[in-house]
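Written below as structure tokens is the structure these notes are about.
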Amino acid sequence: MIKLIAIAGILLSCSAKSNNNTIMENTTTTAPTETTASIHKFSVKALDGTTINFADFKGKKILVVNTASECGYTPQYKDLEALYEKYKGKLVIVGFPANNFGGQEPGSNTEIKSFCKKNYGVTFPMAEKISVKGDDIAPIYLWLTQKSQNGVLDATIKWNFNKFLLDEQGKMIAKFDSGVTPMSEEITGKL
């Protein structure tokens, strides 16, 4: 039995040596590209007209959420704010209002800002209204949803309040569907 294992090891070693050119061709490395870039390369307009520069969040985890004011998941704003307050020293939440699902975010940027502040006391950064899917998808959401862009995963935004968690270097950690609440162990366990 031991002789058989030794012979198999020798054969595998010889086979690997004879195919060395093929192995080297398949493992050629290339210079880093946009596909491995972090979210820190993005800047977006905020609801108040200022700029949200993701490079400012280096060293903190980032939770990106597509939001809507007239959705069954809209009460998650309350938990998003609680999560933001609890982990403020190491987490930034950025909301992206979007009207892609059932027309549930019909308001203007000014109306959305007022709604979020009045009804949920939102203090975390909120970007201006964008599209999170389709032909007019915002570049940041193209990056979030395409493995060819973010280097980690492909994701489909199925509804409002999908969440993406990124690490301190701006690299993708995970994506959570709408039903995963902000204060759930699935999210807080990764902070």
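The values are calculated or read from the model by the stated rules, or taken from the named source; none is laboratory data. Note that the coordinates shown come from a computational prediction; the quantities given were computed from them, not determined experimentally. In this analysis, Cβ positions are derived from the backbone assuming ideal geometry, glycine residues included, and neighbour counts consider all displayed protein chains.
Could you say which residue among 109, 162 is crowded, with 21+ Cβ neighbours inside 10 Å and touching an Asp or Glu at 6+ places or on another chain (Cβ under 8 Å)?
162
Just the residues that are under 19 Å from residue 124 (Cα atoms) and either in contact with a helix residue (DSSP H, G or I) (Cβ under 6 Å, 6 or more places away or on another chain) or of a type outside the set (D, E, K, R) (or both), please, taken from the range 142-175. It would help to see each step written out before you state the result.
Filtering the range 142-175 for residues under 19 Å from residue 124 (Cα atoms) gives 160-168, 170.
The answer is 160, 161, 162, 164, 165, 166, 170.
So which residues in the range 74-90 are of a type in the set (Lys, Arg) and not in a helix (DSSP H, G or I), if there are any at all?
Of the range 74-90, the ones of a type in the set (Lys, Arg) are 78, 86, 88, 90.
Matches in the range 74-90: 88, 90.
Could you please find all residues in the range 40-73 being of a type outside the set (D, E, K, R), assigned to a loop (DSSP other than H, G, I, E, B) and within 19 Å of residue 190 (Cβ to Cβ)? Spell out how you get there, then give the answer.
Filtering the range 40-73 down to residues of a type outside the set (D, E, K, R) leaves 40, 42-44, 46-47, 49-55, 57, 59, 62-69, 71-73.
The next check asks that each one be assigned to a loop (DSSP other than H, G, I, E, B); those that pass are 42, 47, 49-50, 59, 68-69, 71-73.
Within the range 40-73, 59 is the sole residue that qualifies.
Any chance the range 135-158 includes a residue that's touching a residue at least 60 places away in the same chain (Cβ under 8 Å), touching a Ser or Thr at 6+ places or on another chain (Cβ under 8 Å), part of a strand (DSSP E or B) and more than 23 Å from residue 49 (Cα to Cα)?
no
Checking residue 132 against (1) part of a helix (DSSP H, G or I); (2) in contact with a strand residue (DSSP E or B) (Cβ under 6 Å, 6 or more places away or on another chain); (3) over 18 Å from residue 181 (Cβ atoms), only one condition comes out false. Which one?
(1)
Quick check on my filter: what residues within the range 96-128 are touching a helix residue (DSSP H, G or I) at 6+ places or on another chain (Cβ under 7 Å) and within 21 Å of residue 42 (Cα to Cα)?
Once the filter is applied, which keeps residues that are touching a helix residue (DSSP H, G or I) at 6+ places or on another chain (Cβ under 7 Å) and within 21 Å of residue 42 (Cα to Cα), the range 96-128 yields 97, 123, 124, 126, 128.
Kindly list the number of the only condition in (1) surrounded by 19 or more Cβ atoms within 10 Å (Cβ to Cβ); (2) part of a loop (DSSP other than H, G, I, E, B); (3) not acidic (Asp, Glu) that fails for residue 180.
Going through the list (1) surrounded by 19 or more Cβ atoms within 10 Å (Cβ to Cβ); (2) part of a loop (DSSP other than H, G, I, E, B); (3) not acidic (Asp, Glu), residue 180 breaks only (1).
Report, ordered by the first and then the second residue, all pairs with beta carbons closer than 8 Å, sequence separation of six or more or different chains, a first member in the range 91-106 that is under 14 Å from residue 158 (Cα atoms) and part of a strand (DSSP E or B), and a second member that is at pLDDT 95 or above and not β-branched (Val, Ile, Thr).
Close Cβ pairs satisfying both conditions: 98/66; 98/68; 98/105; 98/129; 98/131; 98/160.
Step by step: first the residues of the range 123-176, then only those that are farther than 14 Å from residue 64 by Cα and of a type in the set (A, V, I, L, M), then the one that is farthest from the chain's Cα centre (by Cα). Which residue is that?
Ranking the candidates gives 137 first.
Does residue 39 meet the test of being of a type outside the set (Asp, Glu), over 21 Å from residue 117 (Cβ atoms) and surrounded by 21 or more Cβ atoms within 10 Å (Cβ to Cβ)? Lay out the reasoning, then the answer.
Numbers: of a type outside the set (Asp, Glu): yes; over 21 Å from residue 117 (Cβ atoms): yes; surrounded by 21 or more Cβ atoms within 10 Å (Cβ to Cβ): yes.
Judged against the criteria, residue 39 is a match.
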